[in-house]
Amino acid sequence: MKLTPSLNRSLWVFHFNAGSCNGCDIEIVATLTPRYDPERFGVKLVGSPRHADVLLVTGPVTNQMADRLRRVYAQMAGPKVVMVVGTCGQSGGVFSTSYNLAGPIDQIIPVDVYVPGCAPRPEAIINGVVTAIAKLERLEGGK
Amino acid sequence: MNIILSAVGGTVVLAILAIFVGLFLAGIDRRIVAHMQARMGPPLSQPFTDVKKLFAKQSIVPANAIPWLFNLMPVVALASSIAVLLYLPFGSLAPILGDAGDMILVLYLLIVPSLALVIGGFASGSPYATVGAQREMVSMIAYELPLAVSVIIIAWRLMVANVANPFSFTTLMETSVWDVVGPLGIVGLLILLILFAWITPGELSKVPFDTPEAETELAGGILVEYSGRNLGVFSLAQAVKTVAMIAFGVIILLPWNLSPVFGLTGAGAAAVDLVFFFVKVVIVSIFSVTVVRTMMARFRITQVVKVYWFIFGGLGIAAIILLMLDAFLMGGL
């Protein structure tokens, strides 16, 4: 369970929608297009949380999704990073006063990186990944 | 004693070489796919980085899984992929186990990694993995028919041409099947070449035949519950199996060596032939795996069976008829 340089060069991403309006999800798909090509840095979208190193969560967490989010987080193999994309995940955004919210994502699972925006541009998401890599390198150096 | 030592040493060297070549092939594959999609793509060393990362990660055994089967199957897959290589000649290098095995044995051994995947999928106790394992079995049944047809018809044609031991790999490397056939046979062999190019992605579960893994609908299929070291060993097995399967095709249908052209002998000839052999493997892999996988979308499992049984099965029968006619005309029968 140790952090290694190879982890930073091969981040596999699992995308989880916790009740988002789909705006952020479309921006995530835009990030993966040939124009931005994150595969240059080894970033790959995977279909199973077991394969993933990064959990990319969008949306405020609805009551229905809270338990699913916890379970998906628990299914990931360590070391793992959680990245929140979009304003909703940080504060609830336009849904913050809704009766159906289990709260922003950081009240459900620990979050490492926030990417604000409604919806954030692909450049901002890539910047978030770079921040995640920097955090991993810092943790690796500090241990 | 000496024989055993050299066999063990040869196996270790071959395993390391095959893993290296296999991961390198995966890197070339990803790079070329990226270029075909107008992007840069990952560095060639990306598969090495991925495997290194997977080995450093936590390995989870799900609560529903059967732990000993779940943990054993990646090792079985890797070991059986390496075992295939022990029977294959590389260029003018003789197989490590000599003439102990022939094409039929390799046909069986090539099934074992897929079977290990199937058992591992069933043992992981996830419905996604179960569906994936069932699909893998169905696609195995599908591609086995054209594969067996092409192997057996080539051996039969060699036998008719009075070649001794037509199933042995050493015979195949020495006597190219292209030299014994006439014009009709050439057409038949070209059909077999096409057949082999399409069986390879099926055997390796690549797009358009990656139905068992189907990331979008089965979330990774058979491998859905595998993580960390186990997933790393499976990707090594996949890399070695890629080399083994493509090498098998190259030996059967593209068996030429470079050393007679340059008039080399001894160690120099072996080295030149080995390099040339792997160059052939890389080229075949680009044409039959990489280009196809960029061009096409995934088949449904019913389409996989239809394509392999009816289209490629029909092509196989056409090749059989052509080669039999050829044997008849060339006076072998």
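Amide H contacts of B:R298 (H built 1.01 Å from N, in plane; Pro and chain starts excluded): no residue 5 or more places away or on another chain comes under 5 Å.
Listed by chain and number, the aspartates and glutamates placed with their C-alpha closer than 13 angstrom to that of B:K206 are B:D29, B:E136, B:E215; residues fewer than eight positions away on the same chain are left out. Which FRET efficiency value, to the nearest 0.05, is calculated for B:V279 and A:R70 with the Förster distance at 56 angstrom and r the Cβ-Cβ distance? Once rounded, the FRET efficiency stands at 0.65.
Only Lys, Arg, Asp and Glu carry charge here, each on its Cβ (+1 for the first two, -1 for the last two); on that basis the range A:5-142 has a dipole of about 220 debye about its Cα centre.
Among the listed pairs B:K52/B:K280; A:K135/B:K241; A:K135/B:K57; B:K241/B:K280, give every one whose C-alpha distance is greater than 26 Å.
Details: B:K52/B:K280 28 Å; A:K135/B:K241 37 Å; A:K135/B:K57 18 Å; B:K241/B:K280 16 Å.
From B:K52/B:K280; A:K135/B:K241; A:K135/B:K57; B:K241/B:K280, over 26 Å: B:K52/B:K280; A:K135/B:K241.
Placing a pseudo-label 7 Å from each Cα along the Cα-to-Cβ vector at B:A7 and A:Q107 gives an inter-label distance of 6.7 nm. In summary, the helical segments of chain A meeting the span-like criteria, namely a full DSSP H run, a Cα extent along the axis of 27 angstrom or more and a mean Kyte-Doolittle hydropathy of at least -0.5, are A:122-142. Using a 1.4 Å probe over protein heavy atoms, the accessible area lost on pairing B with A, summed over both chains, comes to approximately 2200 Å². Comparing the full protein assembly with the isolated chain, the residues of the range B:53-90 losing at least 40 square angstrom of accessible surface (1.4 Å probe) are B:K53, B:A56, B:K57, B:Q58, B:I60.
Loop-resident trypsin sites (Lys or Arg not before Pro) (DSSP state other than H, G, I, E or B) in the range A:1-35 with no more than 16 further Cβ atoms inside 10 Å of their Cβ: A:K2, A:R35.
Based on protein heavy atoms only, the protein assembly as shown ends up with 43 Å² per residue of surface accessible to a 1.4 Å probe. Using the rule -39500 (n - 2.57) for each DSSP H run of four or more residues, divided by the residues of the protein assembly as shown, the 222 nm mean residue ellipticity is -19500 deg cm²/dmol. B:T11 sits with roughly 40 Å² accessible to a 1.4 Å probe, with DNA, RNA and ligands left out of the calculation. The Cα center of the range B:34-50 and the Cα center of the range A:65-80 differ in position by 29 Å.
Overall, the anisotropy analysis places the range A:5-142 in the prolate class: the square-rooted eigenvalues a ≥ b ≥ c of its C-alpha gyration tensor yield a/c not less than 1.5, with a/b exceeding b/c. The range B:172-221 and the range B:256-296 have Cα centres lying 17 Å from one another.
The values are calculated or read from the model by the stated rules, or taken from the named source; none is laboratory data. Predicted model, so just to flag it, every value in this text is computed and none were measured. Because the Cβ atoms are built from the backbone with ideal geometry, glycine has one as well, and the counts that use them run over all protein chains shown. Protein only, heavy atoms only, side chains kept; ligands, DNA and RNA dropped before computing areas. Shrake-Rupley method; radii C 1.70, N 1.55, O 1.52, S 1.80 Å.
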